[in-house]
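Accompanying notes for the structure given below.
Laboratory data are not the source of any read-out in this text; all were calculated from the coordinates shown. As the structure is a computational prediction, the values presented were derived from the model and not from experiment. Every residue, glycine among them, receives a Cβ derived from its backbone with ideal geometry; neighbour counts consider all protein chains shown.
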Amino acid sequence: MKWIGQKQCLNEFIVKNILFLCQSLLKMGVKIQKFTFNGFQENTYVVYNDNSCVIIDPGCYERHEQEALLEFISTNKLTPKALLLTHAHIDHVLGCTFVLDKFDVDFYIKYFKLKISESLFQVELHP
């Protein structure tokens with residue numbers, strides 16, 4: 001039970017920091033589009049301003065999810081500049097191969113999770 005309490009505190013800390021970051025970005029004129037993808041109901045974000053965007057945690061696994069992400073980017077005439085992963089849980093990485101194959105973007109993740117991520121991205125999710 002102690003571990004669950006510590007995990008809950010950590011999650012609340014992360015959520016508060018994400019909310020603060022989002023509020024700060026919105027004040028700067030940055031827009032945030034949220035998508036809910038895959039069976040895990042994972043949240044993918046496109047953070048954008050003018051014609052540039054960053055894709056965060058692309059969980060788009062199904063073809064229709066990938067098309068929804070592409071349609072938003074295309075409709076808003078955005079150019080993806082980076083792919084960011086908050087962590088390498090399966091629900092957050094399901095669309096990484098798709099995004100990396102589709103766009104010429106820089107890819108960012110915490111260093112200690114890179115080895116896991118590299119092995120995940122060697123698998124073609126949608127041939």
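Data for the structure
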{"read-out": "Distance in nm between pseudo-label sites at LEU100 and LYS81 (7 Å out along the Cβ direction from Cα)", "value": "2.2"}
{"read-out": "3J(HN,Hα) from dihedral phi, the range 74-86, Karplus parametrisation 6.51/-1.76/1.60, rounded to Hz, x for glycine, proline", "value": "5, 4, 8, 6, 9, 10, x, 10, 7, 10, 10, 10, 6"}
{"read-out": "Linear extension gain, PHE72 paired with ASN43, 0.36 nm per residue minus alpha-carbon span", "value": "8.9 nm"}
{"read-out": "For ASN38, net neighbour charge (Lys/Arg +1, Asp/Glu -1) across residues whose Cβ lies under 15 Å away", "value": "-4"}
{"read-out": "Using a Förster distance of 22 Å, the FRET efficiency for ASP50-LYS27 (Cβ separation, nearest 0.05)", "value": "0.85"}
